[in-house]
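One structure is given below, encoded as structure tokens.
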Amino acid sequence: MIQSNQQIYVDNAASTPVRDEVVAAMQPFLQTVFGNPSSIHKCGIYARRNIDEARERIAYCLKCHPDELYFTSGGTESNNWAIFGMAMASEKKELITSQIEHPSVLNAIKALERFAYKAAYLKTNSFGEVVPEELETLINLNTALITVMLANNETGVLQPVDKISELAHWHNIPFFSDAVQAIGNVELDLSKGLFDAMSFSGHKLGGPKGIGILYLRRGTKIEPFLHGGGQERGYRGGTENVPGIMGLATAVELAINDLKKKQSVQSIKLRLLEALHDIPMAHLSGRLDNTLPGTLHICFDYVDGSDLVRYLSMNGIFASSSSACASNAKEPSHVLLAMGIPYELARGALRISLNERNTIDEVLYLAHVLKTAVSTLRSMNAEYRNMYMKK
């Protein structure tokens, strides 16, 4: 039974609480073993040894080589480094991406366009899936990089990266994928060679904020992004975030071990969807069989998504209307507009992202409050009142 003062967090796609095991892994490196990993005394050497071991642990989980992993400050840095670094390492000047990428990808590409680069944007179908067949029409001899995310950060829709990778490599073009939302939610096997580069972020899977990874397959050409003292084998300057790295390694291990639990998360999501079935004029984004296990994205007619989020928040339920990185934007999500969702309907978006901590009781309470919220907000909408509440 849910108490009226209980808080329910269903915004795990934005960020997750740091797991207890992760805090324990980080603690010694905050106060006891605090040496700079570049120092040659015992304290520094111990920190360096632990960074190397953490890299090996993560590589084991992702099925790649330790020297293919580079620690960064998070997903945004990893995305920017991959795009800038791989583009600048090529003599070619054209990039291909999709219309539904995270802002850290789209804005990085826009920045490159100011330096004589050109970009082409893959469209999606009505389910939010990139159409690989269109890629063939965009590839040319001057294409330097193809970048398409693995799972969309708003809708949770999985992209056909296997087909995109096949086309990219057939044309000898490197393929980079933003996997920030995917890690810990889907199985990843980097040994298959589908990706030349891939980005990850710690705080999406029970790790700390401010730490991430850029995976670079052996042989991938890239320019350094941060120039400094030669850390990360000369490719990413700056003193390493040792506590963050140790926490990230533990978080990745726990998330990979917990992948089987995602079936229960999927079941809870379906139970929530069932409880919401009687809300009229509610539109599911994407296909249930092709989204992340815990992500449920719905658009409601005659409702403002920001108002809906605030209403839920006042009732102790924390969800979102879009990506956290764009939550202050007044315009509808670029992802939804790219899917062909009408402007006004896209303004009524709600993203619910569950994980293993959420329960059936929580989602049933969420459904109850959400129904009341939608009804209340619609009653305050003049257009809705004129069309559906006439006496």
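The values are calculated or read from the model by the stated rules, or taken from the named source; none is laboratory data. Remember, predicted model here, so these are calculated numbers, not experimental data. Because the Cβ atoms are built from the backbone with ideal geometry, glycine has one as well, and the counts that use them run over all protein chains shown. Please note that ligands, DNA and RNA were not included when accessible areas were found on the heavy atoms of the full protein model with its side chains. Shrake-Rupley method; radii C 1.70, N 1.55, O 1.52, S 1.80 Å.
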Just need a number here: residues in the stretch 110-145 that are under 18 Å from the mean Cα position of the chain (by Cα) and crowded, with 24+ Cβ neighbours inside 10 Å. 2
Can you tell me which residue among E56, E91, E68 is open to solvent by less than 20 Å² (accessible area, probe 1.4 Å), of a type in the set (D, E) and more than 30 Å from E362 (Cβ to Cβ)? E68
Examine the stretch 188-196 for a residue that is open to solvent by less than 20 Å² (accessible area, probe 1.4 Å), part of a helix (DSSP H, G or I) and in contact with a Phe, Trp or Tyr (Cβ under 9 Å, 6 or more places away or on another chain), and state whether such a residue exists. yes
Residues of the stretch 152-164 being outside any loop (DSSP other than H, G, I, E, B), free of Cβ contacts under 8 Å to residues at least 60 places away in the same chain and open to solvent by 20 Å² or more (accessible area, probe 1.4 Å), in sequence order, are D162, K163
Within the stretch 124-161, residues touching a Ser or Thr at 6+ places or on another chain (Cβ under 8 Å), closer than 22 Å to N172 by Cα and not small (G, A, S) come out as V130, V131, L145, I146, T147, V148, M149, L150, Q159, V161
Hey, among A82, A116, which residue is of a type in the set (G, A, S) and modelled with pLDDT of 95 or more? A82
When the stretch 169-184 is examined, which residues are found to be in a loop (DSSP other than H, G, I, E, B) and either basic (K, R) or closer than 21 Å to T72 by Cα (or both)? P174, A179, V180, Q181, A182, G184
Out of curiosity, is E331 under 24 Å from K209 (Cβ atoms), more than 19 Å from the chain's Cα centre (by Cα) and of a type outside the set (G, A, S)? no
Restricting the first residue to the stretch 123-135 and requiring it to be among the hydroxyl-bearing types (S, T, Y), which pairs with a second residue that is part of a strand (DSSP E or B) meet a Cβ separation below 9 Å and a spacing of at least six or different chains? T124/S98; T124/V130; T124/V157
Which residues, counting only those in the stretch 76-88, are of a type outside the set (F, W, Y) and open to solvent by less than 10 Å² (accessible area, probe 1.4 Å)? S78, N79, A82, I83, G85, M86, A87
Within the stretch 17-25, identify whether any single residue is basic (K, R), open to solvent by 30 Å² or more (accessible area, probe 1.4 Å) and in contact with a strand residue (DSSP E or B) (Cβ under 8 Å, 6 or more places away or on another chain), and answer yes or no. no
Within the stretch 167-222, considering residues that are hydroxyl-bearing (S, T, Y) and within 18 Å of the chain's Cα centre (by Cα), the one nearest to V252 (Cα to Cα): S201
Does the stretch 29-46 contain at least one residue that is part of a helix (DSSP H, G or I), small (G, A, S) and buried (at least 19 other Cβ atoms within 10 Å of the Cβ)? no
Suppose we keep only residues that are part of a loop (DSSP other than H, G, I, E, B) and of a type in the set (A, V, I, L, M, F, W, C) within the stretch 370-391. Which one would you say is surrounded by the most Cβ atoms within 10 Å (Cβ to Cβ)? M380
Search result, residues across the stretch 284-304 that are within 22 Å of the chain's Cα centre (by Cα) and closer than 18 Å to S322 by Cβ: L284, S285, G286, T291, L292, G294, T295, L296, H297, I298, C299
Count of the stretch 223-239 residues which are in a loop (DSSP other than H, G, I, E, B) and within 23 Å of the chain's Cα centre (by Cα): 1
Which condition number in (1) open to solvent by less than 30 Å² (accessible area, probe 1.4 Å); (2) more than 21 Å from R19 (Cα to Cα); (3) touching a helix residue (DSSP H, G or I) at 6+ places or on another chain (Cβ under 7 Å) is the one that V180 fails? (2)
For L167, indicate whether it is under 30 Å from I298 (Cβ atoms) and either among the hydrophobic types (A, V, I, L, M, F, W, C) or crowded, with 24+ Cβ neighbours inside 10 Å (or both). no
For G210, indicate whether it is open to solvent by less than 10 Å² (accessible area, probe 1.4 Å), assigned to a loop (DSSP other than H, G, I, E, B) and touching a helix residue (DSSP H, G or I) at 6+ places or on another chain (Cβ under 9 Å). no
